[in-house]
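Scroll down for the structure; my scribbles are underneath it.
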Amino acid sequence: MQTFPNAGGGAIVLSLAERIIENRAYLSEIDGKIGDGDHGVNMAKGFAMTAERLKGKDASLAEALDTLGTLLMTEIGGSMGPLYGVMFTEFAEKIETTEAIDAEAYSRMLHSGLEGIQSIGEAKVGDKTLIDTLVPAIEAFDAATREGQSFADALAALVSAAEAGRDSTINLVAKIGRASRLGERSLGVLDAGATSCAIILKELSLGARERLQ
């Protein structure tokens, strides 16, 4: 059975921070078309603070995710801070005592993060939000593991589904948040939250795949 160690997994979160910071301008540009235009700036701020906090520490994945979630909840503005904050803290709590993370534990982690988001938000698939990335990604991962695919292949399926979910938001009308006021004018634009969620899920999954034993 393929697993990867929780210990030392903080490096995955540091890589994730690099990707978000790299995409700061892109995420804000997307957000500016139908939202406040500050998604990339806010996200980069929270992730940069996390990277600074983790620098030089050999943190576990759970410890790093908890640090990230706490900082996003307390230090960044906008609607996304609390949503991503609760997602990452739920991720952390679910794997806190797991030494070797297998596909089942990874699935429980993902579901816990989704439930955390759903506990404070009302969005569902089709509303043009990060849910349009997260839900299909989790479903694809679970389907792959049910079919007997390896942990590595299930992670690849997750990434593909996350990116397809992100792309699906181009053809959706926003139902939640500031963009919802635009109605049909929100068509033809990617959702910034769905886009950042795809980056997050891809980087987490690449980091996990590289560490599989």
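Readers should treat all values here as calculations from the given coordinates under stated rules, not as data from a laboratory. This structure is a prediction, so every number in the text was calculated from the model and none was measured. Here Cβ is always computed from backbone atoms with ideal geometry, including for glycine, and neighbour counts include all displayed protein chains.
Listed by chain and number, the lysines placed with their C-alpha closer than 30 angstrom to that of residue 55 are 45, 94, 202; residues fewer than eight positions away on the same chain are left out.
Couplings 3J(HN,Hα) for the range 88-102, derived from phi with the Karplus relation 6.51 cos²θ - 1.76 cosθ + 1.60 (θ = phi - 60°), are 5, 5, 5, 3, 4, 4, 5, 10, 3, 9, 9, 6, 10, 8, 9 Hz, where x marks Gly and Pro. The range 93-115 and the range 137-167 have Cα centres spaced 15 Å apart. Residues 150, 205, 28, arranged from fewest to most other Cβ atoms within 10 angstrom of their Cβ, appear as 150, 28, 205. Taking 17 Å as the straight-line reach from the Cα of residue 175, the aspartates and glutamates in range (excluding those fewer than 8 positions away in the same chain) are 31, 36, 122, 127, 132, 167, 184, 191.
Specify, per residue and in Å³, the volume enclosed by the convex hull of the alpha carbon atoms belonging to the range 15-138.
105
For the chain, what are the per-bin percents of Cα-Cα distances with bins 10 Å wide, up to the bin holding the maximum? Histogramming the chain at 10 Å steps yields 9, 37, 37, 15, 2 percent.
With contacts taken as Cα pairs under 8 Å and at least 6 residues apart, the range 4-211 reaches a relative contact order of 22 percent.
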